[in-house]
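The values are calculated or read from the model by the stated rules, or taken from the named source; none is laboratory data. What you see is a predicted model; the values in this text were computed from it and never measured. Virtual Cβ from ideal backbone geometry, glycine too; neighbours counted across all protein chains shown. Ligands, DNA and RNA are stripped out before the accessible areas are found, and what is left, the full protein with its side chains, is counted by its heavy atoms. Shrake-Rupley method; radii C 1.70, N 1.55, O 1.52, S 1.80 Å.
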Amino acid sequence: MKEINEIKRNILKVANLAGEGHLGSSFSILDILFVLYSGKANISPSNQNSSDRDFIILSKGHASLGHAAILENKGFITKEEFRSYCSHESILGGHLSKCSVPGVEVSTGTLGHGVAVGAGIALSSKIRSIKNKVFIIVGDGEINEGTFWETLLLSSHHCLDNLVFIIDFNRSNDRALKLDPLEEKLKSFGCDVEVVDGHSHEDLKRSLNTSPSKKPKALIANTIKGKGIPEMENNPAWHHKTPTDDDLLRMLEELN
């Protein structure tokens, strides 16, 4: 998709300028974020403070560069603010803060916290009869945290059908702790589960359109870490590495 590749080019340029950023993770979730902010979630710069807005929470907060790029693309922040990523006095740090970045609902850092906070928001909406949804993007490595499974139990118990966990299943965690069979595990904790291609906008839209049951939903989004750049794809060396000037020229050409 041309627009996605243009966003990736912008991410590469900013990472090169800043000397910071988790590119592999940012490219892994970019399609998911794009679909959500392009209409699947009821959130925009014009309604970002409305009580009935949908919430998008990036629990794997180290992928902040991808999140910031989408926020710039959708008009939450300016191009100049995006280009200032991780510079002195920028509003954009390595993890995005809800106190300074429009469109960011939860300040993340420790993995697992965004999941728990998101469930609390979903429960609050239920209690107040607000008809909105909470979308939480979770890393597969983050699922190692006990907080994740505790949150699933609580969400199932309270029938939080307004809650959607989107798991960025890029299998970067397999070397440390395999999660298979993940679908069965999630079902056993009380979730409705679907498996989708995390880079297919049609798959994502279709899954996000399905009618809710009385359960929280978990989408296992099969993704490729570093999607779009051959040398970066599924290469752990690019987990937290930024392109040199030579790398940048080559990668920009690859995305063309």
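Among S155, S26, S87, whose mean-square fluctuation peaks in a Gaussian network model of the chain (Cα, cutoff 10 Å)?
S87
Fully extended, how many nm does the chain gain between I130 and N42 (0.36 nm per residue separation, minus their Cα-Cα distance)?
Length gained between I130 and N42: 30.4 nm.
Return the single residue from N73, N47, N132 with maximal mean-square fluctuation; model: Gaussian network over the chain, springs between Cα atoms under 10 Å.
Between N73, N47, N132, it is N47 that shows the largest mean-square fluctuation.
Once Rh for segment 107-233 is found with the Kirkwood sum over Cα pairs, what is the Stokes-Einstein diffusion coefficient at 10 °C and 1.306 mPa s, in µm²/s?
It diffuses with D of about 106 µm²/s by this estimate.
If you bin every alpha carbon distance in segment 166-237 into 5 Å steps from zero, what whole percent lands in each bin?
3, 15, 22, 22, 18, 11, 6, 2, 0
How far is helix 146-157 tilted, in degrees, relative to the longest principal axis of the Cα atoms in the chain, given as a value from 0 to 90 rounded to the nearest 10?
Orientation of helix 146-157: about 40 degrees from the principal axis.
Give or take rounding to whole Å, what are the principal axis extents of the alpha carbon atoms in segment 60-150, in descending order?
The Cα atoms of segment 60-150 stretch 39, 32, 19 Å along their principal axes.
Using the Cα atoms of segment 1-152 to build a convex hull, what is its mean projected area in square nanometres?
Result: 8.9 nm².
Across 5 Å bins from the origin, how do the percents of Cα pairs in segment 1-52 run, short distances first?
4, 17, 22, 19, 17, 13, 7, 1
Taking the Cα centre of segment 46-193 as the origin and placing charges on Cβ (Lys, Arg +1; Asp, Glu -1), which of S50, S188, T108 is farthest toward the positive end of the dipole?
The Cα lying farthest towards the positive end belongs to S50.
Describe numerically, in nm with one decimal, the distance between label points set 7 Å from Cα along Cα→Cβ at R206 and at N235.
3.3
Determine which lysines satisfy two conditions relative to K8: a Cα distance under 16 Å, and not lying fewer than 8 residues away in the same chain.
K74, K79, K225, K227, K241
Mind listing the phi-derived Karplus ³J(HN,Hα) values for segment 37-51, rounded to whole Hz, using 6.51, -1.76 and 1.60 with θ = phi - 60°, and x for any glycine or proline?
6, 9, x, 6, 10, 7, 8, 7, x, 7, 10, 5, 10, 6, 5
So what's the back-of-envelope 222 nm ellipticity for the chain, counting only DSSP H runs of four-plus at -39500 (n - 2.57) apiece and dividing by all residues, rounded to 500? The partial results should precede the final answer.
Values: 9 runs with 99 residues, N = 256.
After summing the helix terms and dividing by residue count, I get -11500 deg cm²/dmol.
Taking 0.36 nm per residue of separation and subtracting the Cα-Cα distance, what length does fully extending E80 through H157 add? Don't skip to the answer; put the middle values down first.
Working: separation 77, 0.36 × 77 = 27.72 nm, distance 4.46 nm.
Gain in length upon complete extension: 23.3 nm.
Quote the charge dipole size of the chain about the Cα centre in Debye, to the nearest 20; the model charges only the Cβ of Lys and Arg (+1) and of Asp and Glu (-1).
760
Considering only protein heavy atoms, what per residue accessible area in square angstrom results for segment 69-129 with a 1.4 angstrom probe?
Per-residue value: 49 Å².
What's the FRET efficiency of E253 with L177 using the Cβ-Cβ distance as r and R₀ = 35 Å, to the nearest 0.05?
0.40
Debye calculation, C-alpha points only, no solvent: report log10 I(q)/I(0) for the chain at q = 0.17 Å⁻¹, in the same order as the q values.
Ignoring solvent entirely, the Cα scatterers give -1.34.
Once both axes come from the Cα atoms, what is the angle between helix 23-35 and the longest principal axis of the chain, in degrees from 0 to 90, rounded to 10?
60
How large is the accessible surface per residue of segment 163-256, computed with a 1.4 Å probe and reported in Å² as a whole number?
For segment 163-256, the per-residue accessible area is 52 Å².
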